[in-house]
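> Submitted below is the structure of interest, expressed as structure tokens.
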Amino acid sequence: MSISPLSRKNIQALTPYQSARRLGGKGDIWLNANEYPTSPDFNLTNRTFNRYPEPQPQAVIEGYANYAGVQPENVLVSRGGDESIELIIRAFCETEDSVLYCPPTYGMYAVSAETCGIALKTVPLTADFQLNLPEIERNLAGVKVVFICSPNNPTGTLVNREDLLALLEMTREKAIVVVDEAYIEFCPQATMVTELKNYPHLAIIRTLSKAFALAGLRCGFTLANKGLIDVLQKVIAPYPLPVPVADIAAQALQKDGLQAMQQRVQEILQNRTALQTELSKLACVEKIFASDGNYLLVKFKDGPKIFKALWDQGIILRNQHSALMLENCIRITIGTAEENQRVIEAIALIP
């Protein structure tokens, strides 16, 4: 008996998000998932495993609110930023509504919408990876949620602040605008948190997966006005964060944890500059895009060839060749100085 026909029609047609781990690979240098290259060390302080956790762990909420410069009522914690994406769609979209996003960008906006049975509208970014505001405005009919990633994954670009403000104005009382700030620690001056007081329909997604070096924890946040947070509280699972996750997240948001995160950011920025400098010397490199994240998008003369050659050597990068506007492009997560050097040496030896 085939089970697939019993599933919902949209699920039968769905292509799951091709995460770094789903794509596989056998390597010793993993630069394909925008993770921090080494793991921080934490010891559990809460070992009460026989009780359900707090629905919204107070220490985590207060710690993140203090870090982000908002009130605790403006914070919702979830299983990574990915759960936040789906919560917003589930909470605000009727079956006849649409979600709008701007490729090339993070693939989970589309996957989450399709999983929920919500129609997609796409307005591609411009040639310089910015919002096409006139086209977005022409496509807003029926749109309930707009997803914008800034810095954008995989391009590394910051979306112009004036364009984000213009988008917020054109969607007022019409749609929720979600600004995904997963990489904001690498350019904190660009955050839209200061605009929350002006836009009740603005939601900001954050995570501990990148600069906090805690991708394995699966801890994310939604920052928004209380009214929006209250809506999300209606649909979130009753116990989204396991006790060990909340314990480590709370520690990471204390003074010592924040200082360690900021040191990691400085290290990544230095290594990013060094990697960009060395890549620019290689004849096979056509263009290196400016980045405000912990990764570089690089266009090669023959991207698939470079990607496979390094894959075969156990250096796992992220192939973007099939993505819209990204022919021959590879996304390279910033690793340790030693890992980055191995990447350069491996590419230089490719005939």
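> Only one residue in T115, T105 is under 20 Å from the mean Cα position of the chain (by Cα), under 20 Å from E181 (Cα atoms) and open to solvent by 10 Å² or more (accessible area, probe 1.4 Å), so which one is that?
Working: T115 fails: under 20 Å from E181 (Cα atoms).
From the options T115, T105, the qualifying one is T105.
> Can I ask one more? Among the residues of the range 88-96, is any of a type outside the set (S, T, Y), more than 27 Å from D292 (Cβ to Cβ) and touching a helix residue (DSSP H, G or I) at 6+ places or on another chain (Cβ under 6 Å)? Lay out the reasoning, then the answer.
Of the range 88-96, the ones of a type outside the set (S, T, Y) are 88-94, 96.
Checking the rest, the ones that are also more than 27 Å from D292 (Cβ to Cβ) come to 90-94, 96.
Applying the additional criterion that residues be touching a helix residue (DSSP H, G or I) at 6+ places or on another chain (Cβ under 6 Å) yields 91.
Scanning the range 88-96 turns up at least one residue that is of a type outside the set (S, T, Y), more than 27 Å from D292 (Cβ to Cβ) and touching a helix residue (DSSP H, G or I) at 6+ places or on another chain (Cβ under 6 Å).
> Something else about it: If you check every pair at least six apart or on different chains, which have Cβ atoms under 8 Å apart with a residue in the range 196-209 that is surrounded by fewer than 23 Cβ atoms within 10 Å (Cβ to Cβ) first and a residue that is assigned to a strand (DSSP E or B) and small (G, A, S) second?
Sorted first by the residue in the range 196-209, then by its partner, the pairs are L196/A224.
> Another question about this same structure. Considering only the range 177-193, I want to know if a residue exists there that is without any contact (Cβ under 8 Å) to a residue 12 or more places away in the chain, of a type in the set (S, T, N, Q) and either loosely packed, with under 15 Cβ neighbours inside 10 Å or assigned to a loop (DSSP other than H, G, I, E, B) (or both). I'd like the intermediate steps shown before the answer.
Going through the range 177-193, the residues without any contact (Cβ under 8 Å) to a residue 12 or more places away in the chain turn out to be 188-189.
This time we only want the ones that are of a type in the set (S, T, N, Q), so: 189.
Pick out the ones that are also either loosely packed, with under 15 Cβ neighbours inside 10 Å or assigned to a loop (DSSP other than H, G, I, E, B) (or both) and you get 189.
Yes, because at least one residue in the range 177-193 is without any contact (Cβ under 8 Å) to a residue 12 or more places away in the chain, of a type in the set (S, T, N, Q) and either loosely packed, with under 15 Cβ neighbours inside 10 Å or assigned to a loop (DSSP other than H, G, I, E, B) (or both).
> Looking at (1) part of a loop (DSSP other than H, G, I, E, B); (2) at pLDDT 95 or above; (3) over 17 Å from the mean Cα position of the chain (by Cα); (4) surrounded by 13 or more Cβ atoms within 10 Å (Cβ to Cβ), which is the only condition G25 fails?
Every listed condition holds for G25 apart from (2).
> Open to solvent by 20 Å² or more (accessible area, probe 1.4 Å), among the acidic types (D, E), in a loop (DSSP other than H, G, I, E, B) and at pLDDT 95 or above: is that true of E94 in this structure?
Details: open to solvent by 20 Å² or more (accessible area, probe 1.4 Å): yes; among the acidic types (D, E): yes; in a loop (DSSP other than H, G, I, E, B): yes; at pLDDT 95 or above: yes.
Against the criterion (open to solvent by 20 Å² or more (accessible area, probe 1.4 Å), among the acidic types (D, E), in a loop (DSSP other than H, G, I, E, B) and at pLDDT 95 or above), E94 qualifies.
> From the set of residues in the range 282-317 that are aliphatic (A, V, I, L, M) and open to solvent by 30 Å² or more (accessible area, probe 1.4 Å), which is farthest from L31 (Cα to Cα)?
From the range 282-317, those aliphatic (A, V, I, L, M) are 282-283, 285, 288, 290, 296-298, 306, 309-310, 315-317; that's our starting set.
From what's left, open to solvent by 30 Å² or more (accessible area, probe 1.4 Å): 283, 288, 290.
Details: A283: 22, I288: 16, A290: 18 Å.
Filtering first and then ranking leaves A283.
> Then there's this: Within the range 77-91, identify whether any single residue is of a type in the set (D, E), closer than 17 Å to A250 by Cα and either open to solvent by 90 Å² or more (accessible area, probe 1.4 Å) or at pLDDT 95 or above (or both), and answer yes or no.
We begin by selecting, within the range 77-91, every residue of a type in the set (D, E); these are 82-83, 86.
Among the residues that remain, those that are also closer than 17 Å to A250 by Cα are: none.
No - not one qualifying residue is present in the range 77-91.
> So the check is Cβ under 6 Å with 6+ separation or different chains; which pairs have a first residue in the range 234-247 that's closer than 14 Å to G80 by Cβ and a second one that's charged (D, E, K, R) and open to solvent by 20 Å² or more (accessible area, probe 1.4 Å)?
Cβ pairs passing all conditions: P240/R79.
> Follow-up question, since we're still on this one. Identify, from the list A91, A141, A119, A113, the residue that is of a type outside the set (D, E, K, R) and free of Cβ contacts under 8 Å to residues at least 12 places away in the same chain.
On the way: A91 fails: free of Cβ contacts under 8 Å to residues at least 12 places away in the same chain; A119 fails: free of Cβ contacts under 8 Å to residues at least 12 places away in the same chain; A113 fails: free of Cβ contacts under 8 Å to residues at least 12 places away in the same chain.
None of the other options fit; the residue is A141.
The values are calculated or read from the model by the stated rules, or taken from the named source; none is laboratory data. In this text, all values refer to a predicted model and were calculated from it rather than measured experimentally. Don't worry about glycine lacking a Cβ; one is built from the backbone with ideal geometry, like all the others, and counts go over all protein chains shown. These accessible areas exclude ligands, DNA and RNA; they are computed on the full protein's heavy atoms, side chains included. Shrake-Rupley method; radii C 1.70, N 1.55, O 1.52, S 1.80 Å.
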